[in-house]
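Trainee: First, the structure itself, so that you have it in front of you.
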Amino acid sequence: MRNENVIFDLFDKITEEDPKAPAIIEDDRIVSRAALRDAALAIAAEFPAGAKRIGVVMDHGALMIASIFAALGFGAAYVPAEPDFPKDRIRFMMLDAGVDFIVTQPSYERFFSGFRTITPRLDFEDEINGQKTGGGDSVSRPETGRRDTGRRDTRPEDLAYILYTSGSTGKPKGVAVENRNVCHYARAFQNEFHPGPGDITLQYSVCGFDIFVEEVFASLLAGAAIAIPYKSDKEDITTLMAFADRQKVTIISGFPYLLMELNCLPRIPESVRLLISGGDVLRADYVTDLLDQAEIYNTYGPSEATVCATYFHCNGTKPLADGSYPVGKAVLGSEIQIMDENLEPATFGEIGEICILGGGVSRGYIGDRKTENTAFTRLPDGRRIYRSGDLGYFLPDGNVAFLRRKDRQIMILGKRVEPDEVESALRDCPGVRQGVVRALKDSRDHSYMAAYYVLESEKITPERIRAFMEKRLTDYMIPDFFVKLDSMPLTPSGKVDYKALPVVRKERKPRGN
């Protein structure tokens, strides 16, 4: 019996309704729902018994999506990482998550010594509207009664994925999201945006961010298809939109900086009906020329609350006084409260912490994260709540306005960065005696970082420091400036005086999604 709060069950249900409907579209092939499901089951049939957590490190494409569904169909959680992430960071994530093995490609196997790896070698061939597409061997569904079809019973409370974000303790932290959390969000997405057969979502985001979850699961579980561009299609916004135009993409979700780039184009593809912005502040001047071309939504929600907790429809509205859009009202099945430090509701219009309740609140952080897991707590009435660490307030119409973080955490081009983690990598660099990282903002209010350091040896160069940090941190976490100091400025109490550090100014050019 299928369960509406289990991801693979929902996809199996939508597949049975129309097996030949497209699920994945690429420039040279179309993969139907049935072919995707059957490929997932064929891959899962090769998994060793008892696996609970499965790493997925692959190039984007139909085989990657099939491998993710294989993990879910097997009753396990997938742990995603992009192949071009720093190898030390990937290894930390996989060890921290305790993966049983890593699904990858032959070209990446050498990076995972010490881990068991599985390299699925399936090609897809399917028939769409009477025409063969793709090449290679077709994927057939395992026969009924086969000893092992790769399918396992999955409960709503079983983990779906572990997604790593920047950690304030100096190490990435893994957010554990359950099947029921993802299915909750799929329903909320359907309730607001009504995706379905005929809709095609651009799968552009990297796998380690919530946007990927929205692109893949919110689309496929509603009967829509996803279009996956090859690397050559992602070279710039022009080639990306040419791909979207060829594939008749209808839905694009991304960071606000993607919309800002789209806003500079003469026109976006006529097929696009919906643009969704998330991950950072959306400003009105990012979308001035897009408002008459598509429906535009601003969204808000940390990974800990499963993709998005609020939606705001921008068309026909005015931005706030600072030029940004509100983040909106709670999605279906969620609730937003603005609370003070004692978890008492703030008065109407008063600034407080944005707190999230409902079906999206995840299990929490894996491993020994007792301090950070205090963000997940319960109200006196027993309801579970996530304290986001973001400050905001309710507008008179009930929409939420986002202000800023309570702590040092920043967003760089839509990606969460804890300066403390960057600072930890700087201090660990051989030859660095002292190191601190300061978050700054450019003229467009975009965050960037500067690293300040005192050396033990003059032989250490900024290039060597950067190279060391690049082994541990993703590219967007590398400071834009490295400033050598003879000594650190200190406060009277002996702590680093961040305000006394020299300010280095930068004008930022967006680096995409």
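The values are calculated or read from the model by the stated rules, or taken from the named source; none is laboratory data. Not measured: the values here are computed from a predicted model. Cβ placement follows ideal geometry from the backbone for every residue including glycine, while neighbour counts extend to all protein chains displayed. Each accessible area value is taken on the protein alone, full model and side chains, heavy atoms only, with ligands, DNA and RNA left out. Shrake-Rupley method; radii C 1.70, N 1.55, O 1.52, S 1.80 Å.
Trainee: When only residues in the range 182-227 that are at pLDDT 95 or above, in contact with a Pro (Cβ under 9 Å, 6 or more places away or on another chain) and in a helix (DSSP H, G or I) count, which is surrounded by the most Cβ atoms within 10 Å (Cβ to Cβ)?
Mentor: SER219
Trainee: Within the group VAL281, VAL331, VAL327, VAL307, which residue is under 18 Å from ILE211 (Cα atoms), of a type outside the set (Lys, Arg), open to solvent by 20 Å² or more (accessible area, probe 1.4 Å) and touching a residue at least 40 places away in the same chain (Cβ under 8 Å)? Spell out the reasoning first.
Mentor: Values: VAL331 fails: open to solvent by 20 Å² or more (accessible area, probe 1.4 Å); VAL327 fails: open to solvent by 20 Å² or more (accessible area, probe 1.4 Å); VAL307 fails: open to solvent by 20 Å² or more (accessible area, probe 1.4 Å).
So the residue among VAL281, VAL331, VAL327, VAL307 that is under 18 Å from ILE211 (Cα atoms), of a type outside the set (Lys, Arg), open to solvent by 20 Å² or more (accessible area, probe 1.4 Å) and touching a residue at least 40 places away in the same chain (Cβ under 8 Å) is VAL281.
Trainee: Checking THR474 against (1) open to solvent by 50 Å² or more (accessible area, probe 1.4 Å); (2) at pLDDT 90 or above, which single condition isn't satisfied?
Mentor: Tallying (1) open to solvent by 50 Å² or more (accessible area, probe 1.4 Å); (2) at pLDDT 90 or above, THR474 fails exactly one: (1).
Trainee: Can you tell me which of ALA42, ALA49 is without any contact (Cβ under 8 Å) to a residue 24 or more places away in the chain and either over 21 Å from THR201 (Cα atoms) or touching a Pro at 6+ places or on another chain (Cβ under 7 Å) (or both)? Spell out the reasoning first.
Mentor: Working: ALA42 fails: without any contact (Cβ under 8 Å) to a residue 24 or more places away in the chain.
Going through ALA42, ALA49 in turn, just one is without any contact (Cβ under 8 Å) to a residue 24 or more places away in the chain and either over 21 Å from THR201 (Cα atoms) or touching a Pro at 6+ places or on another chain (Cβ under 7 Å) (or both): ALA49.
Trainee: From the list ARG53, ARG37, ARG29, ARG89, which residue is modelled with pLDDT under 95, open to solvent by 10 Å² or more (accessible area, probe 1.4 Å), basic (Lys, Arg) and over 25 Å from LEU240 (Cβ atoms)? First the steps, then the outcome.
Mentor: On the way: ARG53 fails: modelled with pLDDT under 95; ARG37 fails: modelled with pLDDT under 95; ARG29 fails: over 25 Å from LEU240 (Cβ atoms).
That would be ARG89, the only listed residue that is modelled with pLDDT under 95, open to solvent by 10 Å² or more (accessible area, probe 1.4 Å), basic (Lys, Arg) and over 25 Å from LEU240 (Cβ atoms).
Trainee: While we're looking at this one, here's another question. Taking the stated definitions as given, is LYS509 within 22 Å of the chain's Cα centre (by Cα) and modelled with pLDDT under 85?
Mentor: Working: within 22 Å of the chain's Cα centre (by Cα): yes; modelled with pLDDT under 85: yes.
Criteria met by LYS509.
Trainee: If VAL437 meets every condition in (1) touching a Lys or Arg at 6+ places or on another chain (Cβ under 7 Å); (2) open to solvent by less than 40 Å² (accessible area, probe 1.4 Å) apart from one, which number is that one?
Mentor: With (1) touching a Lys or Arg at 6+ places or on another chain (Cβ under 7 Å); (2) open to solvent by less than 40 Å² (accessible area, probe 1.4 Å) applied to VAL437, the lone miss is (1).
Trainee: Anything in the range 151-164 that is open to solvent by less than 10 Å² (accessible area, probe 1.4 Å) and among the β-branched types (Val, Ile, Thr)? List them, or say none.
Mentor: The first filter runs over the range 151-164 and keeps only residues open to solvent by less than 10 Å² (accessible area, probe 1.4 Å), leaving 160-163.
Of everything in the range 151-164, just one residue is open to solvent by less than 10 Å² (accessible area, probe 1.4 Å) and among the β-branched types (Val, Ile, Thr), namely ILE162.
Trainee: Of the residues GLN337, GLN293, which is under 25 Å from GLY358 (Cα atoms), among the polar types (S, T, N, Q) and surrounded by fewer than 24 Cβ atoms within 10 Å (Cβ to Cβ)?
Mentor: The unique qualifying residue is GLN337.
Trainee: Does GLY170 fit the bill of being more than 25 Å from SER424 (Cβ to Cβ), at pLDDT below 95 and open to solvent by less than 60 Å² (accessible area, probe 1.4 Å)?
Mentor: Values: more than 25 Å from SER424 (Cβ to Cβ): no; at pLDDT below 95: yes; open to solvent by less than 60 Å² (accessible area, probe 1.4 Å): yes.
No: the conditions fail for GLY170.
Trainee: Related question: Inside the range 158-181, can you point out the residues that are in a loop (DSSP other than H, G, I, E, B) and either over 25 Å from PHE47 (Cα atoms) or hydroxyl-bearing (Ser, Thr, Tyr) (or both)?
Mentor: Answer for the range 158-181, where residues must be in a loop (DSSP other than H, G, I, E, B) and either over 25 Å from PHE47 (Cα atoms) or hydroxyl-bearing (Ser, Thr, Tyr) (or both): SER166, GLY167, SER168, THR169, GLY170, LYS171, PRO172.
Trainee: OK, next. What's the total number of residues in the range 452-496 that are of a type in the set (Phe, Trp, Tyr) and assigned to a strand (DSSP E or B)? Show your work before the answer.
Mentor: To start, the set of residues in the range 452-496 that are of a type in the set (Phe, Trp, Tyr) comprises 452-453, 468, 476, 481-482.
Next, only the ones that are assigned to a strand (DSSP E or B) stay: 452-453, 481-482.
So the answer is 4.
Trainee: How many residues are modelled with pLDDT under 50, in contact with a helix residue (DSSP H, G or I) (Cβ under 9 Å, 6 or more places away or on another chain) and either farther than 16 Å from ASP28 by Cα or part of a loop (DSSP other than H, G, I, E, B) (or both) when one looks only at the range 99-157?
Mentor: 5
Trainee: Checking MET411 against (1) under 22 Å from ARG283 (Cβ atoms); (2) open to solvent by 40 Å² or more (accessible area, probe 1.4 Å); (3) in a loop (DSSP other than H, G, I, E, B), only one condition comes out false. Which one?
Mentor: (3)
Trainee: Return the residues of the range 11-26 that are without any contact (Cβ under 8 Å) to a residue 40 or more places away in the chain, surrounded by fewer than 19 Cβ atoms within 10 Å (Cβ to Cβ) and touching a helix residue (DSSP H, G or I) at 6+ places or on another chain (Cβ under 6 Å); say none if nothing qualifies.
Mentor: Across the range 11-26, the qualifying residue is only PRO19.
Trainee: Of all residues in the range 60-85, how many are farther than 14 Å from LEU36 by Cβ and either open to solvent by 20 Å² or more (accessible area, probe 1.4 Å) or of a type in the set (Ser, Thr, Tyr) (or both)? Steps first, answer last, please.
Mentor: We begin by selecting, within the range 60-85, every residue farther than 14 Å from LEU36 by Cβ; these are 60, 74-85.
Those left that are additionally either open to solvent by 20 Å² or more (accessible area, probe 1.4 Å) or of a type in the set (Ser, Thr, Tyr) (or both): 60, 78, 84-85.
Qualifying residue count, the range 60-85: 4.
Trainee: May I pose another question? If I filter the range 232-242 down to residues being part of a helix (DSSP H, G or I) and closer than 22 Å to GLY279 by Cβ, which single residue comes out as most open to solvent (accessible area, probe 1.4 Å)? Full working, then the answer.
Mentor: So in the range 232-242, the residues part of a helix (DSSP H, G or I) come out as 232-234, 237-242.
Next cut, closer than 22 Å to GLY279 by Cβ only: 233-234, 237, 240-241.
Working: ASP233: 15, LYS234: 65, ILE237: 26, LEU240: 2, MET241: 15 Å².
Ranking the candidates gives LYS234 first.
Trainee: Please go through the range 443-464 and pick out each residue that is closer than 21 Å to ARG405 by Cα, touching a strand residue (DSSP E or B) at 6+ places or on another chain (Cβ under 9 Å) and open to solvent by 20 Å² or more (accessible area, probe 1.4 Å). Working first, answer last.
Mentor: Initially, the range 443-464 is screened for residues closer than 21 Å to ARG405 by Cα, giving 443-451.
Now narrow it down to the ones that are touching a strand residue (DSSP E or B) at 6+ places or on another chain (Cβ under 9 Å): 444-451.
Matches in the range 443-464: ARG444, ASP445.
Trainee: Right, something else. Within the group SER362, SER334, which residue is modelled with pLDDT of 95 or more, within 16 Å of ASN181 (Cα to Cα), out of contact with any Ser or Thr (no Cβ under 7 Å at 6 or more places or on another chain) and among the polar types (S, T, N, Q)? First the steps, then the outcome.
Mentor: Values: SER362 fails: out of contact with any Ser or Thr (no Cβ under 7 Å at 6 or more places or on another chain).
Of SER362, SER334, the one residue that is modelled with pLDDT of 95 or more, within 16 Å of ASN181 (Cα to Cα), out of contact with any Ser or Thr (no Cβ under 7 Å at 6 or more places or on another chain) and among the polar types (S, T, N, Q) is SER334.
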